[in-house]
Every structure is written in structure tokens, then in C-alpha cells.
Amino acid sequence: MDPYEIEFIGENRIVSIIPNFSYDKIYLICGEFGPFRAGLPMNVPLWLAVMLKQKQKCRIVPPDWMDIEILEGIKEEEKKSRFFTKMPNEHYMVEAKLILGAANEDIPRAAEIKTIIKDIWDIRMSKLRTSMDALMKSGGSYGRLDHLTMMEINSVKPILPEAMDELYRIKVTSRKTIPATLNSSTYSQSGTSQNT
Amino acid sequence: MGFMDPSATEDDLKAGTNVEIPIWLAESLHARRPPLVSVELPKIYKETYREILNADACTVDMHKLGQYFYELGCYIAKYDIKGEVATTLMDTFKQRFRMILSASVSTDSITALQPLSTSERDRTAGAVVTEKALSRWLKRGDCPLTTATMVANHRKRKRAEMEML
């Protein structure tokens, strides 16, 4: 899957905005939103929020987790833990990228948040790589993907499943030989006696 | 079958001659009752190479020695009476997975002299596509989450941390 497709899926997350205009309810495929009242916070899908923001029609309320202290905590936990910790949001990367991109001025300390989210992402990606290698080395036939977000899972997508498929294929073919070895040893004995 | 061995003078192969034939032919000849041939392991699956592979599979240049190492190995494994080829195949694959991983993030092109077998190259190519798409996504937009200044910050902070220690 392309990262943009995941971005598209992530854009359906609900975020809170404060519109600066008033309008009736709007009816969308993903549900009805509104009515819009200027100055009153309300929930809309992320894509709508970004669109309105680009037209200067609203302010985006930063999500609860988009906060330096909370993110610091997550980062520390992520650093300490051998496993993946639970992210505040299934699409944290998409949300961070879009909100910070469109509504930089609505988020307090946006630059620091940007850095810290990138840090968390980097830690998780490197963890993902090492655990992938460890999984293969240990010959584990299954991996648990707890708390991995869609974007992260996608980043290992063709290689990890394919490698596991191939490992399984090799395993199966080699297993097939075990009953065969009993027979083929007798064959090859007769074969060698004939050939040499 | 004498044409198989260029040095043979007769029309037929003598019993006991060593010739190289494709695996599909060897398989069917071996499957006869009684078998017409006995199959010897190709050099890369033999004891000496197996020892090298078991010691450190990453040092072996699969591009030179066995472009289809795993695929052929699956067929060859049944001619190894002790069944060690199968284990070697698995271990080699497990060890060399790391090479695919690192090859997928390296900036060289895949064809640039990397000691990977054909299937490993295919796998690497797939991984490179994902990797590129992801980094393109990260860089695009109003708020690229990887910027030069941030990388600089990272270094500074790392150095600061190290100085503290």
C-alpha cells in the first residue's frame, strides 16, 4: 500500500475544530456534521478540518496527545521498553503531519512537537528493524504486531511477509525430505553399487 | 548419452562417469527403479561450503556462487542423506535476511555488486520501493517531518547527552 493511501484512511479520524463561520448541518458519506456555530468547538473528520483550515475558516484544536509532556512520556517509555508501546492514536504520524502542516500556528510549541514525534517515529522504526532481524534469526514463524500503527506495518510489508513465506517454503520442502531420506538412502545405495 | 561428456570416445557414457546435467533430468533419472544415476551435491551445498555458510552466511557472495541458492537447494536437499542441507538452507536464509534489510536502505542500486542471490535481489527491490515511497511521503507537504535543521538538532542533542555522560 502506498503511504498516501494510509494517509487517506487516516484522514477519516475525527478532530476538534473551532469554526469562525456559521452554517447548517452538512451531510457526508461518513456521517453528518454540524451545524457549524462560529466560536463553538465541534468534531469533524481530519480531511474536512484541514480543508477548512486551508481556507482560513477554522482553528484546529490540538488533539489531547499532541502535547509536549505527554509525548515526552511516550518517548521515554518507548525508549525503555523492549516492545512497542501503545500509541495514543492509530494514525499518529498522519495526524501529526497533516495538522502540523496545515495548522502550525494553532499548536503550541509546534516545532518541538514536530521533533519529538519524529524522535518517537525513529525509535519505533529502528526497533522494528532490529526486531525483524531478531525474529528471522530466532526462526520464529510468527510475529506479534501489537501496538504497531498502520503506517509502520506498511513499512515492512513486502519484505517481512515474503521472507517468512520463503522460510516456510524452505522448511516445508526440507521436511518433505525426512520420510524420503529413508527410502532414498536405499535407492542411492543401489544406485552407487550400479554406478561405481 | 555419450555427447554429455566431451572427452568420451564412445556413443554411450561409461558407468561411473561424472557429468553435469540439469536437475530436472537428474531427478527423473534418479527416480527410475533402479535409479540410473546417483546425484552428487553441487559444490555450494557440500560440506566445506556448508561449514562456511554455517559460520557466517553473510560473507558468501551468492551472486557468484549460487544465484538460485534457495530454489535449487530445495530440490537438492532430498539427495543429502543426512538432511543437513535443509538446515543449512534455513540458517543461511535467517542469517542473510539482515543483508536484505540493510541493502534495502542503502542508496546504491541493487545491481551494484551486492552479493545477493536472485530471489534476495527481488525481495530487496520490493523493500526499496516501500522505503522510497515512505520517505517521499515523509518529506512531502507543508510540514516535512524530516528537515535538515532537525537532523542537525538530533546530532547536537546526542552530543549534549554524550557530554553529560
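The values are calculated or read from the model by the stated rules, or taken from the named source; none is laboratory data. Treat the numbers as computed from the prediction; the structure is a model and nothing was measured. Cβ placement follows ideal geometry from the backbone for every residue including glycine, while neighbour counts extend to all protein chains displayed.
Checking the structure you have, find out if any residue of the range A:82-91 is under 16 Å from the mean Cα position of the chain (by Cα), in the same structural domain as A:W121 (by the TED database) and among the acidic types (D, E).
Applying the first criterion (under 16 Å from the mean Cα position of the chain (by Cα)) to the range A:82-91 yields A:83-91.
Next, from what is left, pick out any that are in the same structural domain as A:W121 (by the TED database): A:83-91.
Add one more test, that the residue is among the acidic types (D, E), and what stays is A:90.
Among the residues of the range A:82-91, at least one is under 16 Å from the mean Cα position of the chain (by Cα), in the same structural domain as A:W121 (by the TED database) and among the acidic types (D, E), which makes the answer yes.
With the range A:13-107 as the region, which strands (runs of 3 or more DSSP E) entirely inside it contain at least 2 residues that are under 29 Å from A:S155 (Cα atoms) and within 14 Å of chain B (Cβ to nearest Cβ)?
Working: elements: A:14-19, A:26-28, A:31-33, A:42-45, A:58-61.
Output list is empty.
Assess whether A:L135 counts as being within 10 Å of another protein chain (Cβ to nearest Cβ) and crowded, with 18+ Cβ neighbours inside 10 Å. Judged against the criteria, A:L135 is a match. Before we move on, is B:I76 among the aliphatic types (A, V, I, L, M), at pLDDT 80 or above and surrounded by 10 or more Cβ atoms within 10 Å (Cβ to Cβ)? Criteria not met by B:I76. Among the residues of the range A:91-108, the ones that are at pLDDT below 85 and farther than 15 Å from A:V61 by Cβ come to 1 in all. Here is a check on your reading of the model: is B:L53 of a type in the set (A, V, I, L, M), under 18 Å from A:I170 (Cα atoms), touching a residue at least 24 places away in the same chain (Cβ under 8 Å) and assigned to a loop (DSSP other than H, G, I, E, B)? In short, no.
Pick from the range A:112-126 the residues that are free of Cβ contacts under 8 Å to residues at least 12 places away in the same chain and within 9 Å of chain B (Cβ to nearest Cβ): which of them is surrounded by the fewest Cβ atoms within 10 Å (Cβ to Cβ)? So, considering only residues that are free of Cβ contacts under 8 Å to residues at least 12 places away in the same chain and within 9 Å of chain B (Cβ to nearest Cβ), the one surrounded by the fewest Cβ atoms within 10 Å (Cβ to Cβ) is A:D122.
Residues that are free of Cβ contacts under 8 Å to residues at least 12 places away in the same chain and under 14 Å from the mean Cα position of the chain (by Cα) do not occur anywhere in the range B:63-86.
Can you report the number of residues in the range A:28-70 which are in contact with a strand residue (DSSP E or B) (Cβ under 8 Å, 6 or more places away or on another chain), more than 20 Å from A:P108 (Cα to Cα) and surrounded by 15 or more Cβ atoms within 10 Å (Cβ to Cβ)? Count: 6. Remark: pairs (first residue in the range A:68-88, within 13 Å of A:D119 (Cβ to Cβ); second residue polar (S, T, N, Q); Cβ separation under 8 Å; 6+ apart in sequence or on different chains) = A:I74/A:T85; A:E77/A:T85; A:E78/A:T85.
Among the residues of this structure, A:D106 counts as one that is touching a strand residue (DSSP E or B) at 6+ places or on another chain (Cβ under 8 Å), surrounded by 14 or more Cβ atoms within 10 Å (Cβ to Cβ) and of a type in the set (D, E, K, R).
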